[in-house]
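Here is the structure we will look at, set down as structure tokens.
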Amino acid sequence: MVDAQTLAHILEANNNWLATHYDELVERYAGKVVAIEAGKIIAIGESWEEVSQPFEQSDREIMPLIIEVPHPEQLENLWI
């Protein structure tokens with residue numbers, strides 16, 4: 001079992017990577033679902049199920065970060 005400190009470190013690293021590479025993801029993978037682990041895109045697909053299923057069926061202790069990448073026009077209406 002993975003301890004909380006290790007999980008916190010992984011979440012922070014994923015968050016930092018995503019913040020740094022978000023524009024690139026939107027440009028290259030808009031409308032796709034991607035899995036990210038250790039600073040690398042390890043799977044790309046058309047749906048959440050397509051990308052997550054192989055990981056769910058494995059003996060992984062920690063799942064990769066999986067996100068649906070929005071289209072650029074979807075970001076125009078965001079209020080942050």
Self-check item: Hits in the stretch 66-80 (condition: modelled with pLDDT of 95 or more and not in a loop (DSSP other than H, G, I, E, B))
Solution: Ile66, Ile67, Glu68
Exercise. Scan the stretch 4-46 for residues that are open to solvent by 40 Å² or more (accessible area, probe 1.4 Å) and either within 19 Å of Gln74 (Cβ to Cβ) or touching a Phe, Trp or Tyr at 6+ places or on another chain (Cβ under 7 Å) (or both) and report the count.
Key: 10
Self-check item: Close pairs (6 angstrom Cβ cut-off, 6 or more residues apart or separate chains): free of Cβ contacts under 8 Å to residues at least 24 places away in the same chain and assigned to a strand (DSSP E or B) in the stretch 27-52, of a type outside the set (A, V, I, L, M, F, W, C) and open to solvent by 30 Å² or more (accessible area, probe 1.4 Å) anywhere
Solution: Ile44/Lys32
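The values are calculated or read from the model by the stated rules, or taken from the named source; none is laboratory data. Computed from a predicted model, the values in this text were never measured in an experiment. For neighbour counting, all protein chains shown are included, and Cβ atoms are generated from backbone atoms with ideal geometry for every residue, glycine included. Note: accessible area is taken over every heavy atom of the protein model, side chains too, but ligands, DNA and RNA are not part of it. Shrake-Rupley method; radii C 1.70, N 1.55, O 1.52, S 1.80 Å.
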